[in-house]
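Each remark here refers to the structure printed beneath this line.
The values are calculated or read from the model by the stated rules, or taken from the named source; none is laboratory data. A quick note: this is a predicted structure, and the numbers were derived from the prediction, not measured. All Cβ positions, even for glycine, are placed from backbone atoms using ideal geometry, and neighbour counts span all protein chains on display.
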Amino acid sequence: MVYVGGVVLLMVFTIMLARESVMKPLVNTVRAPFVSGFFAVLVFLLLFLSIKHVELKSSELSKDYEFLPSLIFKTKYVLPFEILSILLLVAFIGAVLISRRD
Amino acid sequence: MDLNALLLLSIILFSFGIYGVLSRRNALGILIALELIFNSANLNFGIFSKHFGNPEGILTIIFGIALTAAEVVLGFAIVILLFRLRKTSQADEVNILKG
């Protein structure tokens with residue numbers, strides 16, 4: 001949910017800040033979409049050829065995700081989870097600090 | 001579901017992300033395209049977790065999403081600061097460090 005909030009914020013500000021750049025003429029960037037499209041297609045083909053003949057034996061995961069809280073809080077992953085929450089807190093406080101108007 | 005179809009979806013997301021990162025000039029556009037790449041990686045974790053029946057992949061997705069949220073917030077703050085200082089959010093107009 002934090003992630004959804006961050007991404008929505010990003011998109012709204014993109015629309016707001018991208019308005020000023022639409023008016024500018026894009027000089028010497030005519031070839032840039034073609035070059036980057038070429039590299040994107042290259043990466044796509046490389047990865048597609050690499051997965052084309054993959055045959056892996058599957059085993060089903062249980063459909064409901066009720067195992068998830070016990071997996072997080074009752075196993076060895078509880079310490080990384082707490083460290084991650086501290087990391088998120090530090091990132092948010094840092095973002096507020098460096099974008100503060102002073 | 002077929003494994004290869006799901007992996008194909010992930011590859012398509014990754015290719016769109018590569019295209020966006022390389023062709024965008026707006027720094028926020030680059031951030032959004034970077035999100036596509038992150039999401040395709042997370043989607044791969046989910047696909048293989050479901051395919052092999054290993055629940056630790058779901059856990060990895062949760063960790064990865066939290067890391068991505070932190071990264072987005074910091075990158076966004078940097079772009080806002082850049083827009084305030086230099087009055088632009090275009091990535092190639094920030095050439096103040098050019099030697």
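Yes or no, residue by residue, for (1) part of a helix (DSSP H, G or I); (2) under 21 Å from the mean Cα position of the chain (by Cα); (3) at pLDDT below 80; (4) of a type in the set (Phe, Trp, Tyr):
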site: A:VAL54; (1), (2), (3), (4): no, no, yes, no
site: A:GLU60; (1), (2), (3), (4): no, no, yes, no
site: A:ASP64; (1), (2), (3), (4): no, no, yes, no
site: A:LEU71; (1), (2), (3), (4): yes, no, yes, no
site: A:LEU79; (1), (2), (3), (4): yes, no, no, no
site: A:LEU84; (1), (2), (3), (4): yes, yes, no, no
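Looking only at the stretch A:86-102, count how many residues are in a helix (DSSP H, G or I) and either loosely packed, with under 11 Cβ neighbours inside 10 Å or aliphatic (A, V, I, L, M) (or both).
11
Which one of these is modelled with pLDDT of 80 or more, at the interface with chain A (Cβ under 8 Å from one of its Cβ atoms) and surrounded by fewer than 18 Cβ atoms within 10 Å (Cβ to Cβ): B:ILE12, B:ILE58?
Numbers: B:ILE58 fails: surrounded by fewer than 18 Cβ atoms within 10 Å (Cβ to Cβ).
Result of the check over B:ILE12, B:ILE58: B:ILE12.
Quick one: is B:ALA69 in a helix (DSSP H, G or I), in contact with a Lys or Arg (Cβ under 8 Å, 6 or more places away or on another chain) and buried (at least 18 other Cβ atoms within 10 Å of the Cβ)?
Values: in a helix (DSSP H, G or I): yes; in contact with a Lys or Arg (Cβ under 8 Å, 6 or more places away or on another chain): no; buried (at least 18 other Cβ atoms within 10 Å of the Cβ): yes.
When the stated conditions are applied, B:ALA69 does not pass them.
Looking for something at the interface with another protein chain (Cβ under 7 Å from one of its Cβ atoms) and aliphatic (A, V, I, L, M) - is there at least one such residue anywhere in the stretch B:82-91?
Within the stretch B:82-91 (the criterion being at the interface with another protein chain (Cβ under 7 Å from one of its Cβ atoms) and aliphatic (A, V, I, L, M)), the answer is no, since none of the residues qualifies.
Across the stretch A:73-85, what is the number of residues that are surrounded by 10 or more Cβ atoms within 10 Å (Cβ to Cβ) and within 16 Å of B:GLY64 (Cα to Cα)?
Total meeting the criteria: 8.
From the residues in the stretch B:19-55 that are more than 7 Å from every other protein chain (Cβ to nearest Cβ) and of a type in the set (Phe, Trp, Tyr), which one is nearest to A:SER36 (Cα to Cα)?
Checked the stretch B:19-55; the qualifying residue nearest to A:SER36 (Cα to Cα) is B:PHE38.
Within the group B:LEU81, B:LEU74, B:LEU43, which residue is within 21 Å of B:PHE16 (Cα to Cα) and surrounded by fewer than 19 Cβ atoms within 10 Å (Cβ to Cβ)?
Numbers: B:LEU81 fails: within 21 Å of B:PHE16 (Cα to Cα); B:LEU74 fails: within 21 Å of B:PHE16 (Cα to Cα).
Just one listed residue meets the conditions, B:LEU43.
Quick grid of which residues meet (1) assigned to a helix (DSSP H, G or I); (2) touching a residue at least 12 places away in the same chain (Cβ under 8 Å); (3) over 24 Å from A:LEU45 (Cα atoms):
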residue: B:LEU7; (1), (2), (3): yes, yes, no
residue: B:ILE11; (1), (2), (3): yes, yes, no
residue: B:LEU28; (1), (2), (3): yes, yes, yes
residue: B:ILE62; (1), (2), (3): yes, no, yes
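Taking B:ALA41 as the residue in question, decide whether it is among the small types (Gly, Ala, Ser), more than 19 Å from B:LEU7 (Cβ to Cβ), at pLDDT 85 or above and assigned to a helix (DSSP H, G or I).
no
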